[in-house]
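In what follows, a single structure is set out as C-alpha cells and then discussed.
The values are calculated or read from the model by the stated rules, or taken from the named source; none is laboratory data. What you see is a predicted model, and the numbers here were worked out from it, not measured in a lab. Virtual Cβ from ideal backbone geometry, glycine too; neighbours counted across all protein chains shown.
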Amino acid sequence: MSAAPRQSATAEPFVSDRVEITGAGEVRIAVGKVELGQGILTALAQIAAEELDVSFERVRMVSATTAHSPNEGFTSGSMSVMAAGTALRTACAHARAWLVEAAAHHAGVSPETLSVRDGTILDARGNQLSSYWEFANQGVLERVAGGDVTPKKPDEYSIVGHNAARLDLEDKFLGRPRFIHDLSLPGQLFGRVVRPPAPGAQLLSADADAARSIDTVVSVVQKGSFLGVIAEREDDAVRAAELLRESARWSDPTPLPNQHAIGDYLRSQPAEVTPVAHLVDEAARGEVVNTIQRRYSRPYLAHASIAPGCGVACWHTNAELSVWTHSQGIFPLRGAIAKSFGLEVSQVVVQHVEGAGCYGHNSADDVAFDAVLLARETLGRPVQVVWSRDDEFAWEPYGPAMAVEIAAGVDTSGDIVQWRQDVWGNGHVTRPGYDGNIGLLGASEAAMQTVLPAAVDPASYGGGNSRNAVPAYRVRDLDATVHRLLAMPIRTSSLRSLGAMMNVFAIESMIDELAELAKVDPVEYRLRQLPDERARAVVAAAAELAGWKDRKSSDGWGWGIAYARYKNTHAHCAAVARVEAVSSVAVRNIYVAVDAGQIVNPDGLANQVEGGAVQAASWAVREAIRFDDHQITSRDWESYPILRFSEAPTVSVTLLPRPDEPSLGVGECAAGPVAGAIANALYDAIGVRVRDLPLTPERIEAAILQD
Amino acid sequence: MIASNSPAWVGRPTTDAESFTLEVNGSKRDVVCRRDTPLLYVLRNDLDLKGTRFGCGLGQCGACFVLLDGHPTPSCDLPVWASVDHSIVTVEGLSDDGEPSHLQQCFIEEQAAQCGYCMSGIMVSAAALLESNPAPDEAAVRGALDRNLCRCGSHNRVIRAVLKAAATTDATDTPDVAKAAKL
C-alpha cells in the first residue's frame, strides 16, 4: 500500500494489508499475485468490487512488492483465482461488514438494517447514512478476518461473472510506458551481460579495455564467468558488450545430447523413479484381449516471449537493495538474492513491474539478478539490464524435452481396462530457491554457488512430469511412473502446463488409436470411457461447437478431438482441431469447450483459452529448440519460428456455465487438448500417426516411411 | 563455435556523437548521438517515446515498428542517420492527442491483447494497412500483420479489431497515419 500500513503481528494478515479505503473515494487492493499478461489483476479487481459493493471503476490494484504486499508465492500453475481470489473475497467480505458495523455503531442503529451501494452506506429507508470514504484511515480494517462473515452467494453477483475490460490494455494499445523496459529511474544506467557461447563454458579471459574505449562506459564487471558492462547510454552498453564478447575466450563447453534421438536419450539416462499411480486389478488383467504399446516424445520448448527479459536494480548502500522485476515470484527471488549476498531478506525490496507475456519460468529472475550483480558497481545508481534476443533463446530455462511410453489394454468390447504410462524427462522446476539452491544463472556464473543442479518436480507445485500422467478415462488396472533425470545438460524449468501438454498429447493420441481399434467414432469413444459427467459435457460441447457430426471428410483435410482436465483437478477442456495436411500440416480451426467452474471474467477467460490454443498449435506443429553437439542453435526468430498471423488458426471457445461450482484454474488447460487434437486431425487427414513433436514435414515424412 | 547472433551495427567501429534533426510525429526533434545508433534507442531514450518496443534487435519480430514515410519499418536496426529527412510516426503519434484513435478504440472493444508488448508494432502495421486499403478482407489483414509476431496468441482478436475498425470508419475521417504525420 502507499503509506506503510500497520502489519499484523501474527502470521495471519490484517484485512488492511489487502484492502485500503482512501479518502478519495477509491479502494486500493494489494495482492501478492502479479500481472503476466493473463489479466489476473482485472479478475481480482472484479472480485474485490463485488464483495465490497463498490463499482469496478473505484478499485485500484497496487503492484506487488515485498515491502508490503501479502506473500502469495509464485503466480503460476493456474492457481491465482482459486487461491488469491478466495483470500481476497474473504478479506473484502469482512471489510464490507466491518465498515457497515462502524457506520451502524456511529449512528446508533443495527447493522442489519443497513445496505451498501457503490461505497455509500444506506439506512433502512434507502437514505444515505454514511460512506466507506468517511472511515478511510481510521483503522477499521486493521484486524484479522475471523471467518465469521460469509461472502456473497453467486446468485447475488453483478460484477463477478460478467465481462470486464482489462485494466491495463488501453495503455498497451496506446504505447504508454507501462513495461519494466520503460522504467527510467533518476540516474539510471544501462547494463548488458555477455553470456558464454555454450553451456558449461567457463570464462578464461576478456579484454575490458576494449569495452572501456567507449566513452560512456562506466564499468566493466567480471566475476568468475560472469561478464558485463555498464554505460550511460543503452546503445553504448550494447556496443561495449559486443566488444567484450569478441575479446572473450572460453573453455570448452559440455557435450549436449543428440537432438534427433531425444526420446532414446531420455529413456537411457540415470533417473529418479517415482510411482504416480498404482491400481491393481487381477480380474481386469484377465480381460485384456489386446494391448497397444506406443512411444511419444516432445523437444525442448522455449518460452520465447516477444520481449527479452529485463531487470533493474539499485544498491542504496552496501546492505540495502531495491530490485524491479517481472518475476512470477517476487518473494522467492528476494530470498535467492539475499542468500547470494549474505543479506537478510529485510535488506532487499523486490517490486513487480509488468513485462511481456510470461508463460512460466523464463529469464525474468536471471536478468534481475544480472542487474543486481552489475549495480553492485554503481552504488546509488540504478542499472537496467535487458537481455539480447540471442541470449534469451540460448539461456532461458526451457520447457524440458519429454518421452512418454504407454501400453493400453482393452477388453473384447474395446473398452480400456489396463493402462501403463512411463514418463521420462528433466524436472520442470529450477525456480529461484528450488531444492535449497539459489537457482539464478548469474549466481552460478559468478561462482556464488556451484553449477545449477538438475531440475526437480516438487509435489507442492502440482508435479512436473507427473502432471496429467494419469488418464481421466475409466481404467481398472493402472501404473503411472515418472523417471526424472538426475543430470541436466540443458537447463529446464516450468513452461505453461509443465508435463501436462506432453502427457495429454500422448494419452489422447493413444485414445484415438483405441477408438479406431474399437471401430467407434473418437467423440463417442471418449464419451463412453469418461466417468465424469463434466468431462463428457465438455467433449460433447466441443464436438457440437465444431459441427463434428456433420463434418465432411475431404482429401487433405482432417478432424481430431482431445480432452483433459488440467492437473486432473482444474478446468475441464476439450478441443477439436481441423487441419489441412499433405506433406505438412496447417492448423486451420480450433474449437474449444471449457468448464472452469465459476467464471470471474468470461471474456478474459476466453482470451486466455484462445491464446493458449494458438500457442499450443505453434508448439505442436512448429517449435523445437535445436542444438548441435555443444551449442544451442535456435537463437533468433528464424531459427525458432512460431506461428504467424497468416498461419494462426481461428479459435472458437465455448464456456460451460457452472456458477455454483468453485473456480478452477484455466490458464494452461488448452495446451494438452489442442496438441492432441491436432495430432489426431493429422492422422485423420493422412492416415499416419506422428508421435514425435513437433509435427514438421520431416517428422511426417519419417512417419510415412516407417508406416 | 557459432558466432553469436548480434545485430550488424554493433560490430562496427564507434564514431563520435553528432547532431541530427528528426521529424517525429510531425515535429522536428534534435538529438545528439552516434550516427549508427538505431532509431529505436533514440526514440525511447533520447526522445522519451517509450511506446516503440525492443523485441529482437534483428528486424525479425515487428515490436519496434514505426512508420517511415508511411511504411511499417523496424527501428531496431535502422541507423539514425538513415531516418533523417523522412517522416517518422510512432505509436504515440497514432493516438488522438493521447486518447484512443478509432482503430485503438476497436482494439479496446475487442480486448485484442494479452500481454500487449507486441501491440505498438501491430498498431503501426494496422494503421498503415487501413491507410492503403480502407476495406481489407481477413486475408489482407493477416498478410499485413505477418511481419508482427505475437506470442500470447491474440491473433484472432487483433484481426477482428482491424476488420471492425475498417467496417466502422467514416469515409470522411482523416486516416490515423496522415493525421499523425500532420499531412
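Key figures
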read-out	value
Test result for residue A:210, at pLDDT below 95 and aliphatic (A, V, I, L, M)	yes
Pairs with Cβ under 6 Å, 6+ apart, first in segment A:376-405 and within 10 Å of chain B (Cβ to nearest Cβ), second surrounded by fewer than 24 Cβ atoms within 10 Å (Cβ to Cβ) and modelled with pLDDT under 95	A:390/B:4; A:390/B:5
Subset of segment A:45-72 (residues that are without any contact (Cβ under 8 Å) to a residue 60 or more places away in the chain and either among the hydrophobic types (A, V, I, L, M, F, W, C) or in a strand (DSSP E or B) (or both))	A:48, A:59, A:60
One residue from B:42, B:32, B:24 being more than 7 Å from chain A (Cβ to nearest Cβ) and over 16 Å from the mean Cα position of the chain (by Cα)	B:32
Candidate set: segment A:552-572, residues that are of a type in the set (D, E, K, R) and modelled with pLDDT of 95 or more; chosen: the one surrounded by the fewest Cβ atoms within 10 Å (Cβ to Cβ)	A:567
Within segment B:128-167, tally of residues that are in contact with a Lys or Arg (Cβ under 7 Å, 6 or more places away or on another chain) and either under 22 Å from residue B:69 (Cβ atoms) or more than 8 Å from chain A (Cβ to nearest Cβ) (or both)	1
Count of segment B:64-92 residues which are more than 19 Å from residue B:126 (Cβ to Cβ), away from chain A (no Cβ under 12 Å) and outside any loop (DSSP other than H, G, I, E, B)	3
Looking only at segment A:641-663, and only at residues there that are in contact (Cβ under 8 Å) with a residue 24 or more places away in the chain and crowded, with 21+ Cβ neighbours inside 10 Å, the one that is nearest to residue B:155 (Cα to Cα)	A:648
Sole residue being touching a Lys or Arg at 6+ places or on another chain (Cβ under 9 Å), of a type in the set (A, V, I, L, M, F, W, C), buried (at least 20 other Cβ atoms within 10 Å of the Cβ) and part of a strand (DSSP E or B), chosen from B:106, B:61, B:33	B:33
Failed criterion for residue B:54 (all others in (1) in a loop (DSSP other than H, G, I, E, B); (2) among the aromatic types (Phe, Trp, Tyr); (3) in contact (Cβ under 8 Å) with a residue 24 or more places away in the chain hold)	(3)
All helices (runs of 4 or more DSSP H) inside segment A:599-707 with 2 or more residues being away from every other protein chain (no Cβ under 14 Å) and hydrophobic (A, V, I, L, M, F, W, C)	A:671-686, A:697-706
Every pair of residues 6+ apart whose Cβ atoms lie under 8 Å, when the first sits in segment A:149-175 and is facing chain B (nearest Cβ under 8 Å) while the second is part of a loop (DSSP other than H, G, I, E, B) and surrounded by fewer than 16 Cβ atoms within 10 Å (Cβ to Cβ)	A:174/B:98
Elements of type helices (runs of 4 or more DSSP H) in segment A:488-551, at least 3 residues being under 28 Å from the mean Cα position of the chain (by Cα)	A:500-517, A:533-546
Some residue of segment A:596-611 being under 30 Å from residue A:197 (Cα atoms) and either free of Cβ contacts under 8 Å to residues at least 40 places away in the same chain or surrounded by 24 or more Cβ atoms within 10 Å (Cβ to Cβ) (or both)	no
Condition met for residue A:164 (farther than 29 Å from residue B:122 by Cα and touching a Ser or Thr at 6+ places or on another chain (Cβ under 6 Å))	no
